[in-house]
Amino acid sequence: MDWSLLTCARKGHITYAPDEPRLKLRLHTETPIGDAWRCLRCGAYIHGEPHGAGPADRAPLVKRGKELRDAFIMRFFAVERIIRGLVVLAAAYGVWRFSSHRGSIQRIFEKEIPLLRPLAHQVGWDLDHSKIVESFRKVFDLNERTLRWLALALLAYAAIEIIEAVGLWLLQRWGEYFAVVATSFGLPIEIYELTERITAVRIGALVINVGLIVYIVATKRLFGVRGGKAAHEAHLRGASLLEVEEAAGADA
């Protein structure tokens, strides 16, 4: 897949006329219908006036190829994080509401249990010793203060997920650091949950989170990996169309 062409088709082309004559010649051509300039993202010649002009070092740093693919992956993780954050936020609201109406909910629950016994007996379900019923009763035993602290903890977790999602979606370096640190703190809990019970959802969540950490640290060169921030920015500049064409002109 050509990520550069795909992005230009969606967002439009970006052209620039550098002041340097040799570089300008490599980005400009004359056609029977007028001047055309190479798009800094996809490299196609686009008719019309350039979107900007000036020294080459002041040209916009446009993501191309692999960097656009990386941006898509970052935003995929951002969507996963925002969905998770909204689910946890809904859970926090549910726990908070439950803490205020626990008594009435418990009375309804205990009232309905006897009505369900005949149906449960027909399907061979021992309702009185069911783990689901026992779990509900344990929750009812929690006091209101504990439930509200639980709701606040869930709210804080949801906020972390949403902040992480925003940082990743905006492709900000602080968001990448935040995502790695926040996700790393959650790994011991996910591993502990797997020791208690192995499920496809828990395995999937662990794989996604480990993959996110490894991918971001390696590709974005966080914490000094592969040369750190300076090497990452140099890589971005080296992959720009202006730098590529300037190097090609120097070798010619």
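The values are calculated or read from the model by the stated rules, or taken from the named source; none is laboratory data. Since this is a predicted model, take the numbers as computed values, not measurements. Cβ coordinates were reconstructed from backbone atoms using ideal geometry, including for glycine residues, and neighbour counts include every protein chain displayed. Areas reflect the complete protein model, heavy atoms only, side chains present, ligands, DNA and RNA absent. Shrake-Rupley method; radii C 1.70, N 1.55, O 1.52, S 1.80 Å.
Here are the numbers:
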quantity: Principal axis dimensions, segment 1-105 - Cα atoms, whole angstrom, descending; calculated: 81, 27, 23
quantity: Calculated from backbone phi, Karplus (6.51, -1.76, 1.60) coupling profile of segment 150-161 in Hz, x at Gly/Pro; calculated: 5, 4, 5, 5, 5, 5, 5, 5, 4, 5, 4, 5
quantity: Amide proton proximity set for ARG41, modelled H, under 5 Å, gap of 5+; calculated: ILE14
quantity: Other-chain or far-sequence residues with amide H under 5 Å of ALA17's (modelled H); calculated: GLY52, ALA53, GLY54
quantity: Listed residue pairs exceeding 23 Å between alpha carbons, taken from LYS66/LYS229; LYS66/LYS220; LYS24/LYS229; calculated: LYS24/LYS229
quantity: Ranking by accessible area, most exposed first, for PHE185, PHE72, PHE77, PHE178 with a 1.4 Å probe; calculated: PHE185, PHE72, PHE178, PHE77
quantity: Charge context of LYS11, other residues only, Cβ under 12 angstrom, K/R +1, D/E -1; calculated: +3
quantity: Test item: Cα-centred dipole of segment 10-57, Lys/Arg +1 and Asp/Glu -1 on Cβ, debye; calculated: 320 debye
